[in-house]
Amino acid sequence: NRQILLKERPQGMPTEDTFEYRDIPVDAPGEGQVVVKTMYLSVDPYMRGRMSNLKSYVEPFEVNNVISGGIVGEVVESKSDRFSVGDKITGMLGWQLYNTVDARLVRKVDEAIAPLSAYLGVLGLTGLTAYFGLLDIGKPQEGETVVVSGAAGAVGMVVGQIAKIRGARVVGIAGSDRKIEVLKDLGFDEAVNYKTEDSLYKALKQACPNGVDVYFDNVGGPVSDKVMNLLNDFARVPICGAISAYNITSPDQDMGQRIQPKLIKSRALMKGFIVSDYSKFFKEASVDLAKWLSEGKLKYEETIVEGFENVPQAFLGLFKGENIGKQIVKVNS
Ligand code: NDP
């Protein structure tokens, strides 16, 4: 069994040296357990937080221990009446080729509804994050303008499309011309490349002639500073992520302009959230997401890297904008 361990806690941007591979025997399953062979593995920006030793909403990873995250796999041995060999499942499991786990910790997925990798993205926590952040906090109304940053990423892409389903005008912000094209193809009304515009503020102002009613923030930092200048009265700002700040090394580091005056002026509501806050409602939301998918109202993109040996590189690529849509690793073993 190959595993990926956290070798050391990164200072600033993680590198290949943050990770270490180890080979150990596969654990034999006990009563009620299954052995799951990893097929697809999710790499996510929030994992950067777990690599630090800071108190947060999830426990930090331990140094010299296996890293864990979302996995889709196949049951290859079962000592549980919940699963048979050949069943496909998903769960939060170790970054290893095989996981021997209590069957209650994983749930079955259905290939007839969507390809297996979708359960790590649009039909997994990614889709749910977009769904609750946008609908519960953002509350977009027909004709309103919704801006989303990190728009060509996994969460951002779903946010924009749900906002369209709700009849809003949608403007995405992303970091390459290719991403801008993809967003337009997905039905975003406007998309702005924050890396090439001379004045991001002016470009956004042009893209949002009626101001911004909902700003779904995935990135924080300078990009968000610009959007905040355009908030309409009583705008809503779901704070989903702040990837631009995940690798800063000191709380004193300058994070750009302060937003408080803009919130006062607009009387906007800004609220952070964590997708697990909504776990009671996951079932209903998953039904909506699967329905929109089957009706063709919701599309998704994935960037799939092949090979377990490329997991670190796929993770590091998130901070360089290498992914379009959900970044996934396909494990061929
Ligand atoms: P993405 O697929 O969006 O991947 C990250 C993207 O962020 C990159 O492709 C890159 O795109 C962009 N990016 C990287 N660095 C910067 C930077 N310095 N400034 C601006 N953009 C940057 O990841 P996810 O969709 O999985 O996650 C999106 C955000 O949502 C993350 O911040 C994540 O932590 C958060 N999140 C929060 C959850 C919650 O419960 N609150 C749950 C899940 C995710 P580009 O080329 O456009 O720069």
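The values are calculated or read from the model by the stated rules, or taken from the named source; none is laboratory data. Keep in mind the model is a prediction, meaning the values are calculated, not measured. Cβ atoms come from the backbone with ideal geometry, glycine included; neighbour counts cover every protein chain shown.
Only residues that are in a helix (DSSP H, G or I) and basic (Lys, Arg): list them for the range 102-132, please.
If the condition is that a residue be in a helix (DSSP H, G or I) and basic (Lys, Arg), then ARG104 is the only one that fits.
Taking the range 189-209 as the search range and keeping residues that are away from the ligand (no atom under 15 Å from the Cβ) and either assigned to a helix (DSSP H, G or I) or among the hydrophobic types (A, V, I, L, M, F, W, C) (or both), which one is nearest to GLU301 (Cα to Cα)?
ALA207
Looking for something more than 17 Å from PHE308 (Cβ to Cβ) and crowded, with 17+ Cβ neighbours inside 10 Å - is there at least one such residue anywhere in the range 55-66?
Looking for residues that are more than 17 Å from PHE308 (Cβ to Cβ) and crowded, with 17+ Cβ neighbours inside 10 Å, one finds at least one in the range 55-66, hence yes.
Taking LEU186 as the residue in question, decide whether it is near the ligand (Cβ under 8 Å from one of its atoms) and farther than 20 Å from ALA268 by Cβ.
No.
Before we move on, is ASP217 crowded, with 16+ Cβ neighbours inside 10 Å, in contact with a Lys or Arg (Cβ under 9 Å, 6 or more places away or on another chain), among the acidic types (Asp, Glu) and modelled with pLDDT of 95 or more?
In short, no.
Output the number of the condition that LEU230 fails; it satisfies all remaining conditions of (1) within 25 Å of SER286 (Cα to Cα); (2) in contact with a Cys (Cβ under 7 Å, 6 or more places away or on another chain).
If we test LEU230 against (1) within 25 Å of SER286 (Cα to Cα); (2) in contact with a Cys (Cβ under 7 Å, 6 or more places away or on another chain), just (1) comes out false.
Table: residues versus (1) at pLDDT 95 or above; (2) touching a strand residue (DSSP E or B) at 6+ places or on another chain (Cβ under 9 Å).
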{"position": "ALA245", "(1), (2)": "no, no"}
{"position": "THR249", "(1), (2)": "no, no"}
{"position": "MET255", "(1), (2)": "no, no"}
{"position": "LYS262", "(1), (2)": "no, yes"}
{"position": "GLU284", "(1), (2)": "yes, no"}
{"position": "ASP288", "(1), (2)": "yes, no"}
{"position": "LYS291", "(1), (2)": "yes, no"}
{"position": "GLU309", "(1), (2)": "yes, yes"}
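Quick check on my filter: what residues within the range 133-148 are of a type outside the set (D, E, K, R) and surrounded by fewer than 22 Cβ atoms within 10 Å (Cβ to Cβ)?
LEU135, ILE137, GLN141, GLY143
So if I check each of GLY70, GLY121, which one is under 20 Å from LEU6 (Cα atoms) and within 16 Å of the ligand (Cβ to nearest atom)?
GLY70
Yes/no matrix, rows are residues, columns are (1) of a type in the set (A, V, I, L, M); (2) within 16 Å of the ligand (Cβ to nearest atom):
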residue: ASP87; (1), (2): no, no
residue: VAL106; (1), (2): yes, no
residue: ASP110; (1), (2): no, no
residue: GLY133; (1), (2): no, yes
residue: GLY138; (1), (2): no, yes
residue: VAL158; (1), (2): yes, yes
residue: ILE173; (1), (2): yes, yes
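Could you say whether any residue in the range 297-316 is within 19 Å of GLY172 (Cα to Cα), among the charged types (D, E, K, R), away from the ligand (no atom under 11 Å from the Cβ) and touching a residue at least 60 places away in the same chain (Cβ under 8 Å)?
yes
Step by step: first the residues of the range 241-291, then only those that are of a type in the set (Lys, Arg) and more than 16 Å from the ligand (Cβ to nearest atom), then the one that is surrounded by the most Cβ atoms within 10 Å (Cβ to Cβ). Which residue is that?
Ranking the qualifying residues of the range 241-291, first place goes to LYS262.
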